[in-house]
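Here the structure is laid out as structure tokens; the discussion comes afterwards.
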Amino acid sequence: MLVGRLSGPQWSPDRVVSSMSAPLELRIRNQPEDLSPAMETISRWLGSRGAFAGSEYLALLAVEELVTNCIKYAYDDAHEHWIRITIDLSEVEMAVTIEDDGHPFDPRSLPEPDTRLPLEDRPIGGLGIHLLRNLFDTLDYSRVEGHNRVVLRKRVPPEPST
């Protein structure tokens, strides 16, 4: 089932693939203007599946942080590159996967920021990855055939007892 077609030259029907049992897969260009429509699609997709409370926030935070970093830092050329975003939702967990062909970058290699420092003394950057490390249960990285692959997983929280 096609989740939806997004307007504009950057989108085509083969870039949004989903069914009730399959994950949501998006391919976007390494252009900032492609991020917002992708995030809207993710939001609608999660909402249509009755995802657990907080899943939309977590998925959108992960996608915005990782894809923005990719757009800004992964490429030295002005060529068009593709970034693949996959959201998989099951009864037990949500997985957010970002794949790109940019420079090798393992977000796990970043040092933990010193959050005790006053804001004016902290270096710029690094807090987004720090948030993802702390909000998701796992953050995995691999480099396969010239592509970075970051997978974030969050277990579905237990329902509150009444």
Pair list, Cβ < 9 Å and 6+ apart or interchain, from the stretch 138-162 residues that are of a type in the set (Ser, Thr, Tyr) to residues that are assigned to a loop (DSSP other than H, G, I, E, B): 141/105; 141/106; 142/106
In the stretch 135-162, the residues that are surrounded by fewer than 15 Cβ atoms within 10 Å (Cβ to Cβ), not polar (S, T, N, Q) and not in a strand (DSSP E or B): 137, 145, 146, 157, 158, 159, 160
Residues satisfying the stated conditions in the stretch 90-117, i.e. of a type in the set (S, T, N, Q), modelled with pLDDT under 95 and either assigned to a strand (DSSP E or B) or within 20 Å of residue 143 (Cα to Cα) (or both): 109
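Has the stretch 107-119 got at least one residue that is crowded, with 18+ Cβ neighbours inside 10 Å, within 19 Å of the chain's Cα centre (by Cα) and either of a type outside the set (D, E, K, R) or closer than 21 Å to residue 39 by Cβ (or both)? Full working, then the answer.
First, the residues of the stretch 107-119 that are crowded, with 18+ Cβ neighbours inside 10 Å: 107.
So of that shortlist, the ones also within 19 Å of the chain's Cα centre (by Cα) come out as 107.
Right, trim to either of a type outside the set (D, E, K, R) or closer than 21 Å to residue 39 by Cβ (or both) and you get 107.
Yes; the residues of the stretch 107-119 include at least one that is crowded, with 18+ Cβ neighbours inside 10 Å, within 19 Å of the chain's Cα centre (by Cα) and either of a type outside the set (D, E, K, R) or closer than 21 Å to residue 39 by Cβ (or both).
Hey, among the residues in the stretch 73-89 that are part of a loop (DSSP other than H, G, I, E, B) and in contact (Cβ under 8 Å) with a residue 12 or more places away in the chain, which one's nearest to residue 157 (Cα to Cα)?
By that ranking, first place goes to 74.
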Residue within the stretch 95-114 that is in contact (Cβ under 8 Å) with a residue 12 or more places away in the chain, among the β-branched types (Val, Ile, Thr), under 26 Å from residue 160 (Cα atoms) and out of contact with any helix residue (DSSP H, G or I) (no Cβ under 7 Å at 6 or more places or on another chain) present: no
Residue in the stretch 50-68 that is in a loop (DSSP other than H, G, I, E, B) and either touching a His at 6+ places or on another chain (Cβ under 8 Å) or hydroxyl-bearing (Ser, Thr, Tyr) (or both) present: no
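The values are calculated or read from the model by the stated rules, or taken from the named source; none is laboratory data. Given the structure is predicted, the values throughout are model-derived calculations rather than measurements. Glycine gets a Cβ as well: all are built from the backbone with ideal geometry, and neighbour counts include every protein chain shown.
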